[in-house]
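> One structure, as structure tokens, below. Some questions next.
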Amino acid sequence: MEASEDWLVESLRLYQDFHAFDLSGATRVLEWTDDKGVFVAGYESLKKNEILHLILPLRLSVKENQGLFPERDFNVCHGGFSDKPIFDLKHVPETRCLVTSGLPACSLQVWQMAEDSDVIKTVSTIAVHEEDGHLWPRLAVFSSMGPGVLHGMRLCSLRITDLESQKTTYASGIDDSEVLSSLQILGADTFAFCCTSGRLGLVDIRQKWAPHESLNPSPRSGGGQWCAQVRGKGQDPGPNIAHLGSDGQLCLLDPRNLQHPVSLVQCPVSKPSPDPELLRVMWAPVLDNCLAISGFDGTIQVYDVTSWDSTGTHVEPLFIHRGHIFLDGHEQDTAPLVTTHVWHPSKPRTLLSAANDASLHVWDWVDPRGSC
């Protein structure tokens, strides 16, 4: 318990703000509706899982240092139940609709938040014409014009389905069984994919399938699984694709040349990820050149990539969130595994994170360099 007590005292210096919440079940999705609301959803098998629309604590708007506040002050705005585990969830921007996927992967579910009540209910399903007992469709949502969902388990099954008509408006049309790890919408007509093997691609749906892609994650890759995220538009120029391997390798790439990483570093992880499906690398949306990674243990590591080079050196985090380990008295050998994290869309150093013990944290970290 001494380590937990030390962390609790140290947290008064480490955090500008900290809130903790216990969900009824663990979640692996954190999806924003705006800068105040977030969706979570359970992923347990053999039971009904809650889908909740949570409103973040009001105290997050207070400016002065509040220290550590582990309290249940999230508000439930809407809620519903799913008959199957939810592994992926996307909110359709500027609507009351959600799309979810999970196992068994026979279909996607389309949900809607009621206008006259607090209920989230299923309104339709989208059939998935691909059978695999261990895979589920990855999701991303196009919001321009008519909303459509991009989904697929493998490259060969990638397609866009119109949410209203449920007609297929785009399909990869290829015979390629590479398994997908993530999909991301980049613009009205473009998206990015990452395969578990580390293969990356940028796709323009106005053209026949001919992605600009990289077949290998890095010259030093030794296997394992990979995930990726493309940095949002409007941020500082430079390499804007972050590519994370299950052994802790992290590559930064320029989309104009995916074959040669701009930076290749080794993050200090004690062992490869015990569940590579939970790997996350997320760029900070309003904090230049910062990103955060999770999925290796009970922590989230924050990095400033400004000075990284291409030499393959070891790097140290700017900040490590250890709250999921120590807040409930866990020790390192019994610590939960972080299942996901996400940056706040407008608060520079505020993140949300969740772990497999059903803990949900929202925390605003203090920059150890003393910058504003």
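The values are calculated or read from the model by the stated rules, or taken from the named source; none is laboratory data. Owing to the predicted nature of the structure, the values given are computational and were not obtained by experimental measurement. All Cβ positions, glycine included, derive from the backbone under ideal geometry; neighbour counts span all protein chains shown.
> Answer yes or no: is there a residue in the range 78-86 that is closer than 21 Å to Arg280 by Cα and modelled with pLDDT of 90 or more.
Yes - at least one qualifying residue is present in the range 78-86.
> Glu131 - would you say it is surrounded by fewer than 21 Cβ atoms within 10 Å (Cβ to Cβ), more than 23 Å from the chain's Cα centre (by Cα), at pLDDT below 90 and within 24 Å of Ser359 (Cα to Cα)?
Criteria not met by Glu131.
> All but one of (1) assigned to a strand (DSSP E or B); (2) charged (D, E, K, R); (3) more than 21 Å from Pro276 (Cα to Cα) hold for Lys90; state the number of the condition that does not hold.
Failed condition: (3).
> Could you check the range 363-372 and list, in sequence order, the residues that are under 12 Å from Leu56 (Cβ atoms) and surrounded by fewer than 22 Cβ atoms within 10 Å (Cβ to Cβ)? Talk me through it step by step, then tell me what you get.
Here is the first cut: in the range 363-372, the residues under 12 Å from Leu56 (Cβ atoms) are 363-364.
Residue satisfying the conditions is Asp364 alone.
> Only one of Ser346, Ser371 is modelled with pLDDT under 95, in a loop (DSSP other than H, G, I, E, B), within 19 Å of Leu14 (Cα to Cα) and among the small types (Gly, Ala, Ser). Can you tell me which?
Ser371
> Restricting attention to the range 202-218, which residues are assigned to a loop (DSSP other than H, G, I, E, B), closer than 22 Å to Pro147 by Cβ and touching a residue at least 40 places away in the same chain (Cβ under 8 Å)?
Listed by number, the list holds a single entry, Ile205.
> Further question: From Gly238, Gly295, grab the single residue that is modelled with pLDDT of 95 or more, small (Gly, Ala, Ser) and farther than 19 Å from Arg199 by Cα.
Gly295
> Which condition number does Leu186 fail, the rest of (1) out of contact with any strand residue (DSSP E or B) (no Cβ under 8 Å at 6 or more places or on another chain); (2) in contact (Cβ under 8 Å) with a residue 12 or more places away in the chain being met?
Evaluating Leu186 over (1) out of contact with any strand residue (DSSP E or B) (no Cβ under 8 Å at 6 or more places or on another chain); (2) in contact (Cβ under 8 Å) with a residue 12 or more places away in the chain leaves (1) as the failure.
> Can you work out which of the residues in the range 12-49 that are without any contact (Cβ under 8 Å) to a residue 60 or more places away in the chain, not in a loop (DSSP other than H, G, I, E, B) and not aromatic (Phe, Trp, Tyr) is surrounded by the most Cβ atoms within 10 Å (Cβ to Cβ)?
Checking each candidate, the answer is Ala41.
> To continue, here is another question. From the list Asp247, Asp254, which one is at pLDDT 85 or above and crowded, with 20+ Cβ neighbours inside 10 Å?
On the way: Asp254 fails: crowded, with 20+ Cβ neighbours inside 10 Å.
Unique residue meeting the criteria: Asp247.
> Additional query: Could you list all residues from the range 73-89 that are without any contact (Cβ under 8 Å) to a residue 40 or more places away in the chain, farther than 18 Å from Trp32 by Cβ and surrounded by fewer than 21 Cβ atoms within 10 Å (Cβ to Cβ)?
Step one: filter the range 73-89 for residues without any contact (Cβ under 8 Å) to a residue 40 or more places away in the chain, giving 75, 81, 83-84.
Then keep just the ones that are farther than 18 Å from Trp32 by Cβ; that gives 81, 83-84.
Correct list: Phe81, Asp83.
> Look at the range 241-260 and say how many of its residues are out of contact with any Lys or Arg (no Cβ under 9 Å at 6 or more places or on another chain) and within 15 Å of Thr306 (Cα to Cα).
5
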